[in-house]
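Take a look at the structure below.
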Amino acid sequence: EPELVTALGVGRNTVREAVRALAHAGLLEVRQGDGTFVRATSELSGAVRRLCGPELRDVLEVRRTLEVEGARLAASARTEAELDQLTRLLEMRDEAASASQWARFVQIDADFHHLVVTASHNRLLAELHAGLTEVIKASIEALDNSQPDARKIDHRGLLFAIRDQDPERTQPAHQTDIVA
């Protein structure tokens, strides 16, 4: 608090109120005697964490809703550059899995799914998905820990459906690979 008071040139009560408001929004977690920790970097992600808590199933259902529709739209709207980038991300994801670089794997997997949604060219859908990045990554990590076989899920069926601009094929392909 003293550092923020000095850096921002505001009163201590202002800093305390700001921290309290950010904690209420789910962005910060205040642990008495331990400190204040960042829980989320967007209000949407903070709200989802607050609402869902550790309920992985809830997060997966929201992911599925956004990502399945995003994939369907991406099949019709994607650009060649996005397709190239998706292909490269899958290659990098496979490399990370082969090298047992699980933190890198989780990041690349989340990037792949976000690019699929972004390739839908629906800005609101992409913004909603981006706001959930932290909980999506946490859901991937949780699945990796509880179901190590989730790392073996092949996203090529989804990529091929998007490549072939076949929205109908994205749904069955995405239903089987949404868990990672």
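For residue 126, indicate whether it is more than 16 Å from residue 161 (Cβ to Cβ) and out of contact with any Ser or Thr (no Cβ under 6 Å at 6 or more places or on another chain).
no
Among what's in region 141-180 and is at pLDDT below 80, among the acidic types (Asp, Glu) and open to solvent by 80 Å² or more (accessible area, probe 1.4 Å), pick the residue that is farthest from residue 114 (Cα to Cα). By that ranking, first place goes to 149.
Condition check: at pLDDT 95 or above and either of a type outside the set (Lys, Arg) or open to solvent by less than 70 Å² (accessible area, probe 1.4 Å) (or both). Does residue 138 satisfy that? It is false that residue 138 is at pLDDT 95 or above and either of a type outside the set (Lys, Arg) or open to solvent by less than 70 Å² (accessible area, probe 1.4 Å) (or both). Among the residues of region 61-89, those identified as under 17 Å from the mean Cα position of the chain (by Cα), open to solvent by less than 10 Å² (accessible area, probe 1.4 Å) and under 20 Å from residue 163 (Cα atoms) are 67, 70, 71, 86. Residue count for region 53-63, restricted to those that are within 19 Å of residue 117 (Cα to Cα) and either modelled with pLDDT under 70 or out of contact with any helix residue (DSSP H, G or I) (no Cβ under 8 Å at 6 or more places or on another chain) (or both): 1.
The residues of region 97-106 that are open to solvent by less than 70 Å² (accessible area, probe 1.4 Å) and under 18 Å from residue 133 (Cβ atoms), listed by number, are 105, 106.
Give the residues of region 105-130 that are of a type in the set (D, E, K, R) and either over 18 Å from residue 155 (Cα atoms) or free of Cβ contacts under 8 Å to residues at least 12 places away in the same chain (or both), sorted by residue number. Walk me through how you get there before you give the answer.
Initial filter on region 105-130 (of a type in the set (D, E, K, R)): 109, 111, 123, 127.
The answer is 123, 127.
The values are calculated or read from the model by the stated rules, or taken from the named source; none is laboratory data. Just so it is clear, the model here is predicted, and its values are computed rather than measured. All Cβ positions, even for glycine, are placed from backbone atoms using ideal geometry, and neighbour counts span all protein chains on display. Each accessible area value is taken on the protein alone, full model and side chains, heavy atoms only, with ligands, DNA and RNA left out. Shrake-Rupley method; radii C 1.70, N 1.55, O 1.52, S 1.80 Å.
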